[in-house]
Structures are given as C-alpha cells and as structure tokens.
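The values are calculated or read from the model by the stated rules, or taken from the named source; none is laboratory data. As the structure is a computational prediction, the values presented were derived from the model and not from experiment. Surface accessibility is based on the protein's heavy atoms, side chains included, excluding ligands, DNA and RNA. Shrake-Rupley method; radii C 1.70, N 1.55, O 1.52, S 1.80 Å.
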Amino acid sequence: MTTGAPTPTYPARPPRSRLRTFLPLGIAAWLVLEIWLLTVVAGATSGFLVLLLLLAGLVLGAVVIKRAGRRAFQNLNEALQRGTAPSGGGGNGLLMLGGLLLMLPGLISDAVGLVLLIPPVQKVIARRAERTFERKLREAAPGTLGDAFQQARMQRPDGKVVQGEVIRDEPGDAPQGPRPPLMG
C-alpha cells in the first residue's frame, strides 16, 4: 500500500561525451598495436634487441624528464627572485610528456616521444594548444562565479539533490532590524 506521496523523478543521465566513450577503446587499441609491433620486431630481429630498445627508451625518458624538471625548477627560482611570473614553461611540459612516452614500453610511444623532443614540433604544438585554449575560453558561457553559485545545488547525505536558489539583497535595501542567528 502506498502513502500517496509522489515518487520523486530524477532527470535522465546526461549522454556520455565522445571522449568518455572512445578513449578506453583508443587506449586498448593502442596497447594491442604496441604489443603486436613488439612481437613483430622481436620475430624479425631478436628478443634481446627489443629488450635493449625498451631499456634505452626507459633511460632516455628518465634523463629527459629529469632535465626538463630541473629546467622548470630553475625558471621558477629565477622568477621568484625577480618577483615575476615564470616564463617559457610550456616547452618543459612537452619535454616531460616526450620523456614519459619514451619511458612507456612500446615502439610507437617511443617514436611519438622522440618527435615531441624536437623544438620546432614543440613550438607548433604549444601554439596550437594556446589557440585552442583561448578559443574554448571565448566560447565559454559568460558569467561570474556568483552566477555559478546562484545555480548551485546542495547534495544531501543520502545522495538526493536539492535544488537551491540564492536571494541577493540589493544595495539600496535597508536591513529591517537585527536578524536572528542562523544556527540556534
């Protein structure tokens, strides 16, 4: 028997983005391709040569990451001593990504990591990433942080979402006397 209280209806789940749908598939395909390529190269040459290639990639990647990290730390120290913001840090991130890709076992990741170590490629990627970031900022919905708080929801401990509304006092409104305490 029911009490007559309406059953709450929750909005439908938002659809998954393309990235959330295809990223796991892309990673799985990349791993399969890396393993297949390693077996093909090992069959054509020797397993020992493949092991040496993987170890060389690991060592080179570690050296690149250490060097890029040291350079980033030096830039930060110099900027702090000058009292300005650090500059030229974008290349360090791409160097670290290249080093990380070199450290991952696989020939495709090694090739991509080596390409990322080339300075003209770094400049092109950094410029494109900056343009994309600026475009995304321009396309973002206008508003302030206060507007975001007006649309905020409060999450209850039981997992239910309660819609909320923020009421602002206008600057010309005069207080109508002392307010009672919020918590009693």
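Multiply the residue separation of LEU51 and LEU25 by 0.36 nm, subtract the distance between their alpha-carbon atoms, and state the gained length in nm to one decimal. It would help to have the intermediate numbers written out before the result.
Numbers: separation 26, 0.36 × 26 = 9.36 nm, distance 2.71 nm.
Computed gain between LEU51 and LEU25 is 6.6 nm.
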Under Stokes-Einstein, with the Kirkwood radius over Cα pairs standing in for Rh, what whole-number D in µm²/s applies to the stretch 42-82 at 4 °C and 1.567 mPa s? 104
Calculate what fraction, in whole %, of the accessible area of the stretch 42-81 sits on carbon and sulfur atoms when a 1.4 Å probe is rolled over the protein chains. 69
